[in-house]
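Only one structure is covered here, and it is reproduced in the block below.
We did not get these values from a lab; they are worked out from the coordinates using the rules stated. What you see is a predicted model, and the numbers here were worked out from it, not measured in a lab. Here the Cβ positions follow ideal geometry from the backbone for every residue, glycine too, while neighbour counts run over all protein chains shown.
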Amino acid sequence: MKLAQQTILITGASSGIGAELARQLADRGCRLLLTARRGALLDELIAGLPGGSQRHCAFSCDLSCPEEVESLCRTILGEHAQLDGMILNAGVGGGFNAAAIDVAGLRYQFEVNFWGAVGFIARLSPLLLERRKGFIAVTSSLAGYRGLPAAAAYSASKAALTRFIESMRIDCRRSGVHFAVISPGFVRTPMTERGEGLRPFMIDVPRAAAIIIRGLERRRYEIRFPWLMVLLVRFGLILPEGLYMKLLAGRRKPQPTPGAGS
């Protein structure tokens with residue numbers, strides 16, 4: 001699957017991985033439908049892309065608001081029905097205090113990280129399934145593989161998204177539509193740079209976007225990076241519970257988590 005001359009929706013496109021995906025895909029001749037909360041940044045991004053606003057479209061949308069997601073999907077179905085794929089990249093991170101759980105903050109992370117992506121899939125996947133081609137990719141995180149200190153909300157929302165797509169992939173295995181889960185470790189974005197604590201094996205945004213595009217073109221289901229962080233996570237999956245708890249307990253104060261700000 002070559003990502004060239006296609007119409008692709010990217011959420012969370014105003015900065016970080018989403019913005020860089022837009023740049024690299026536009027250079028391949030793709031027509032982009034870009035959405036984020038910060039419309040001014042989207043307009044600035046599109047102005048620097050080949051073809052500018054005559055070729056690409058910007059939509060301001062808050063994924064924590066289901067009504068806005070539904071309205072945007074109606075617009076896409078009405079005006080841009082030639083959609084070839086979507087990269088549901090928008091996400092928010094944040095710390096977590098187990099002694100004083102912020103239920104509203106936890107709910108907000110799920111609204112954006114999980115329900116925001118599901119809202120687009122529910123309304124736009126029938127278009128791709130009917131055509132029997134295209135792709136649906138979501139940005140999850142390596143933080144969704146096991147529980148992490150000070151990251152209960154973020155890890156849980158990303159784990160839910162990963163399992164949702166895994167199940168969708170099983171149900172649609174003969175549909176012609178490719179499903180992919182993008183699971184970054186630490187990527188150097190404005191949000192991760194504001195965080196504290198260890199951020200091992202951090203990579204730059206252009207490299208992350210190139211890895212994602214290459215993985216999609218090779219029709220990979222799991223696109224995980226960087227590989228040293230992936231190995232560390234895989235090692236964590238086989239550790240006994242008691243040892244895993246001992247190694248991670250108290251290792252991190254509340255702060256942004258891997259993949260935050262995607």
## Note on the structure
Per the 1/(1 + (r/R0)^6) rule, R0 = 22 Å and r from the Cβ atoms of Tyr108 and Ser71, FRET efficiency to 0.05 is 0.65
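Expressed in nm to one decimal, what extension gain is obtained for the pair Ile170 and Leu237 from 0.36 nm per residue of sequence separation less their Cα-Cα distance?
Here the answer is 21.8 nm.
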### Query
Given the Cα-Cα distance of Gln82 and Gln54 and 0.36 nm per residue of separation, how much length would full extension add, in nm?
8.4 nm
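Quote to one decimal, in nm, the extra length available between Tyr221 and Ala98 on full extension: 0.36 nm per residue of separation minus the C-alpha distance between them. Can you show the working numbers first?
Details: separation 123, 0.36 × 123 = 44.28 nm, distance 3.33 nm.
Between Tyr221 and Ala98, full extension yields 41.0 nm more.
Using Cβ counts within 10 Å as a stand-in for footprinting exposure, how do Lys246, Lys133 rank, fewest first?
On the way: Lys246 11, Lys133 14.
Listing Lys246, Lys133 from fewest to most nearby Cβ atoms yields Lys246, Lys133.
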### Message
Looking at the chain as a GNM with Cα springs under 10 Å, which of Asn89, Asn113, Asn97 has the largest mean-square fluctuation?
### Response
Asn97
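Cα convex hull of segment 7-248: how many Å³ per residue? Walk me through the numbers before you get to the answer.
Working: hull volume 30.8 nm³, N = 242.
That works out to 127 Å³ per residue.
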### Query
Taking every DSSP beta bridge that has both residues in the chain, what percent is antiparallel when rounded to the nearest 5?
0
#### Entry: Protection-proxy order for peptides 68-75, 9-16, 44-51, each taking the mean of Cβ atoms within 10 Å per residue, highest first
9-16, 68-75, 44-51
